[in-house]
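Single-structure report; data block below.
We did not get these values from a lab; they are worked out from the coordinates using the rules stated. All values derive from a computational prediction rather than experimental measurement. Ideal geometry is used to build each Cβ from the backbone, glycine not excepted, and the neighbour counts take in all protein chains shown.
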């Protein structure tokens, strides 16, 4: 019996992923849902799962930190990150942290199904955008220089959150959030939120993705 946890704060998304998973696994599966980061962690502490589908933008906690924590609780968990965040920045980071695969929510049903099949089978799934010929010369993406926590803070800043809100979202103090903001600005060589938004748009880290 395959055990699967689907973690997303939108019920319709969870239901769609469950239906697709049941098409793949048939009746020999047990599927549970989680609507926020706290539910994910509670379930991982009480139940062993074979695989998990994880949304990057769930509340309490969210993002790459949640991915790290999930794998610290269950190192053998096959995780497929299903996200609106751009693969150009986040797919590589998720895979480095131990996720088996990354797929965009905007992907076709065929691509989603392929990603689910591979990750449930314990195989790695790479988005088509990461499987290029290698002939293109791409400008360095400065967001790759950010740490896991810095990327989480960046997404919250792009949502328009202030330091108090960022602190509450990540379980840190406002002063610590401000320290992370300073590090982010130095690494990205920017001086303002407006510049952050402009740089994010240029590299595909859109405000729309952050606010979903």
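Which FRET efficiency value, to the nearest 0.05, is calculated for residue 45 and residue 187 with the Förster distance at 35 angstrom and r the Cβ-Cβ distance?
Working: r = 34 Å, r/R0 = 0.97.
According to the calculation, E is roughly 0.55.
Axis angle, to the nearest 10 degrees, between helix 63-73 and the longest C-alpha principal axis of the chain: 50 degrees. Each label point was placed 7 Å from the Cα along the Cα-to-Cβ direction; for residue 194 and residue 108 their separation is 4.2 nm. If you take the beta carbon distance between residue 38 and residue 68 as r and set R0 to 22 Å, what does 1/(1 + (r/R0)^6) give as a FRET efficiency, to the nearest 0.05? Working from the Cβ atoms, E equals 0.90.
The length gained by stretching the chain between residue 176 and residue 92 to full extension, at 0.36 nm per residue less their Cα-Cα distance, is 27.6 nm. Label-to-label distance for residue 144 and residue 202 is 1.6 nm, based on points extended 7 Å past Cα in the beta-carbon direction. If R0 is taken as 45 Å, the Cβ-Cβ distance between residue 159 and residue 22 corresponds to a FRET efficiency of 0.85. Pairwise alpha-carbon distances in the range 142-211 exceed 17 Å for 33% of all pairs. Helix-only arithmetic for the chain: the sum of -39500 (n - 2.57) across DSSP H runs with n ≥ 4, divided by the residue total, places the mean residue ellipticity at 222 nm at -15500 deg cm²/dmol.
Per residue, the convex hull spanned by the Cα atoms of the chain amounts to 114 cubic angstrom.
Give the peptides 44-50, 145-151 in descending order of average Cβ contacts within 10 Å, highest first. Present the calculation step by step, with values, prior to reporting the outcome.
Numbers: 44-50: 13.9, 145-151: 17.1.
Result, highest mean first: 145-151, 44-50.
Which angle from 0 to 90°, rounded to the nearest 10, does the C-alpha axis of helix 148-158 make with the longest principal axis of the chain? Roughly 70 degrees between the two axes. Against the longest alpha carbon principal axis of the chain, how many degrees, from 0 to 90 and to the nearest 10, is the axis of helix 109-120 turned? Compared with the principal axis, the helix lies near 80 degrees.
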